[in-house]
Structures are given as C-alpha cells and as structure tokens.
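Worksheet for the structure shown next.
The values are calculated or read from the model by the stated rules, or taken from the named source; none is laboratory data. From a predicted model like this one, the values you see are computed outputs, not experimental measurements. When we count neighbours, we look across all protein chains shown, and the Cβ atoms used for this are built from the backbone with ideal geometry, even at glycine.
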Amino acid sequence: MLKQTQSQRLVQKVLPQLIQKQSLLAIPTIALEQMVRLELVQNPFLEERELETIEEQTEIEKPESDDLSKEDINKEEEYNWDDYLNAENDGYKTSGSGSDETEINYENMWKSPHTKSDYLLSQVYLAELNHKQMQIAEAIISSLDDDGYFRQDIDLFIEDLKNFYLEEDLKDVEITNEEILKILSVIHKFDPPGIAARDLSECLLIQINLKELDPFIKEIAKKIILNYFDEFRLKNYEKLIEELKIDIDTLNKVFDIIHKLDPKPASSIEESSHADYIIPDLIVIKEGGVYKVELNERNIPSLRINSSYRKLINEKEKILDKGTKDFIHNNFERAKWFLMAINSRRETMLKVMNAILNHQKDFFDNLGEGIKPLYEKEIAEDIGMDISTVSRTVRGKYVQTEFGIYELRSFFSHKVRNETGEDISNSEIKNKMKEIIDAEDPANPLTDENLVVEMHKFGYKLARRTVAKYRDLLKIPKARMRRKL
C-alpha cells in the first residue's frame, strides 16, 4: 500500500558548484589561508597534513582524469571512497612548493595603506560578475565620493568608462544605462549597506530593504523616506500621523529605525593610516638565467581527506542510516570540491603568471623598466582560458621580483600613441605623471593645467580632463590639497 507522508529533518546541504566556481581564484593568498583554516574547522572530512609527510613536488598534484568517472556517488546511496582515500600520500592536497626555498625580500616590499576602495574592491572580486561587469564595478568604486555616494551622471560615466577604465577588447562594446544600474544594485548589497547610492533617499532605502523588519513597519519607513522626508527631517509628527494613518507608537518605532541608519556609509569603513606590507601571492626568481615562478604558500596548511573518517566508513558503511549517509555525502563532496578548487587556483595562477612573464620579459630583464602594452585577452588566448578567469586571477594579487613587488594588474594596460606615433602604455603615462608630481614644489604644487604642459614636454599630448582622470586613478588629490608649507 502506497502512503505519502511529510516530515521535517535537519540536513547539511552543500553546493559544491559554488566552490567549484572561481571564488577561490579571486581571493588573495592571505585570505585563502583564513578560508582554508575555517574549512578545516567546519568540515570533519578534511585534515592538515604534517609537513614531514609531504614529498617535494615540482608540479601541481591532481587526481587521475578517470577518478571522477569511476565514482557514482549517488548510486543507491553508496560511495566509492577508494578512488580518493586509498593511500597516505595520494589524493588532493595543497603543495609546499616555494614556501621554504624562497624568502620574501622585505627590503623591496611594497608598503601601502589599506583604503576604503581596497575594502570595496575585495568584495567586487568575490562577486559573481563577468569580465565586463567587473570592470564597470571597479570604475564605480573608483568614482565614489568621500561619503560613499555615486553622484555621477550615468551618461558621462559611460563616456569615462570607455576612455579610462575598460580594457581594449571592450572599447567598442555597447554599455547601456540599464547595465550600470544593474551593477550598482549589486554593489548596494556590499558592506557597508547603502554604499554607491546616488542620493540620501536611495542610501536609506537600501539599508531599510536589507533589514529584517516587521513588513508593516518597513513599508511605513519606506513611505516616509520616499514621500515625506521633509516632514521626517522637521519632525512634523502631526502631518505624518494624519497622512500615513498610523498611531504615535508606530511613528516612534519608525523614527527610531531611520535614525539608526547611516547617511554616510563610507565613514564606517576603517582605513589604516600606516603603510601595511603587501604580502605577495607569487614569487619570480632567476636561476641560471632562467625565470621560475612559485606560489607563496608558506602559511597555507596542506590538506587531505581525514584518514580516520576513511577507516570509519570502510568498517561501518553498511549499517549507517540514511541521515548519517547524507551527512557523509555532503561533507565528502564539499571536501572534494574544496581541494579541487585549491589545485585549480594554483594551476591557473601559475599559468597566468608564466604567460605574463613571457610577454613582459624585457620588464624583468631590465629590472622594472620597459613595460609593454598588454591585454588580458592576450593572456587568456595563451593559456586557453576565458578572459574573465584571467581578470579574476590578476585582481588583488601581487608578485615579488628581485627588484620589488608589483600588482599583477600593473602588467596590463591600454595602448596610447605619443606625438611620434609610437605605441605606449597608459601605465607609462601614469608613471610619468607620478614622477612629475613627486618632483613638484610642495609649496606650489602643479595644477591639472600645469600637468598638461609638463606631460606635453615628454611627448604626451593630453587634455586637462584626461590628466585629471589619470590623477584620480593614481589616487593623487588636487593641487590645493597637496600644498604644504
């Protein structure tokens, strides 16, 4: 006799595809260390390998290609563990490559304060954005005012996008107002809530919408912000009660909620006033005239599937109840995908850095001079990956060289033609502008008009508006803000 019943149970649901995606690729090494240690605590199927048991590795270790095809993990609730847990030194694990042999050169270390933009950009890199969307999001973050508002006219912003921010392969791609609004809606959900709002009303509405509130109270709060903000500001209680048809207690609750919102969301982001050392993600060394790329993984634990759980499953799998089997299945899948994602991240980072090295060999040979115009699209074609993968790989990552530490993004630039018709990179323009500003008289700093003249002397014919944009990209304030007695 068939019978349908309904029951409620607590089961840990894991979405391995979220780990499989490129979220791990987007984060820098220092954040990966924290994520690995957190995963060790949360997932009983992972354990840390002791360093003395890890053999020296020159290549990224990964499973045989047919391992995944052998396993049918859902078939009749049975699991084939042997493909993953068959030996002490096999399976998925991180590598210690480069962690002991190469020391970080702290004399060449890049020191930089942690800014509000850095905090917001780290969230951009972890968002599920494609290549084009990521560049738009970066431009929005760069355009926020000191309070965290995006006050630019969208049509003018699109013009600036094409002139200063987008990679060459996107220069001719159409960008609509709707696309900008869509990316803004993504950033509005970042921390702190309300960031990138276009005005105070939108800022407060964003925060209200993200709060867990009684639906009636939330609706009244939104009406006040949208339609009765002047009455709210002037505390015209009588009119609000009459117009909204609410009692004084309800109004007081709403007032209390709105007063606790932050009208200047960027003010809540902590910045470090001192210069923090940048921890490199990659290391390039030269041995016997040949360049070698290594990952800086000295502090990241090396992982494997927990051997104790393997023995428990092998001995008692047949008598486990379905709830326990579900728990095992979910955690095992999570552990497997996590380890595979780490290996994929390592492999991609090494491929990207080696490709950059091949294109910018003159830069490394000349100790930081002679960088060439380079597009992410070229690297993507070299390594046979999508351009969005390259974009996620280079953003927020740094490489240590014998002559300093560089952000991976600094190896990419757009082409600009100088007066003699030669192709130069916009990185070269920014470097020259910074060099000119660094040498200026601090008591009489150069205005943007002065910078136009100075840049022209070196063959860079730029408009004042273009100079101002490059100065903003360098995070250099206007002349009056640079003046010192």
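Some points to look at:
- Members of the stretch 421-464 that are under 21 Å from residue 165 (Cβ atoms), among the polar types (S, T, N, Q) and modelled with pLDDT of 80 or more: 431
- Residue 174 being more than 15 Å from residue 145 (Cα to Cα), part of a loop (DSSP other than H, G, I, E, B), without any contact (Cβ under 8 Å) to a residue 24 or more places away in the chain and over 20 Å from the mean Cα position of the chain (by Cα): yes
- Scanning the stretch 475-485 for residues that are among the hydrophobic types (A, V, I, L, M, F, W, C) and loosely packed, with under 13 Cβ neighbours inside 10 Å, we see that the one that is modelled with the lowest pLDDT is 485.
- Screening the stretch 257-366 for helices (runs of 4 or more DSSP H) wholly inside it with 2 or more residues that are at pLDDT below 85 returns the ranges 307-316, 322-359.
- Breaking point among (1) surrounded by fewer than 17 Cβ atoms within 10 Å (Cβ to Cβ); (2) more than 21 Å from the chain's Cα centre (by Cα); (3) at pLDDT 50 or above, for residue 158: (1)
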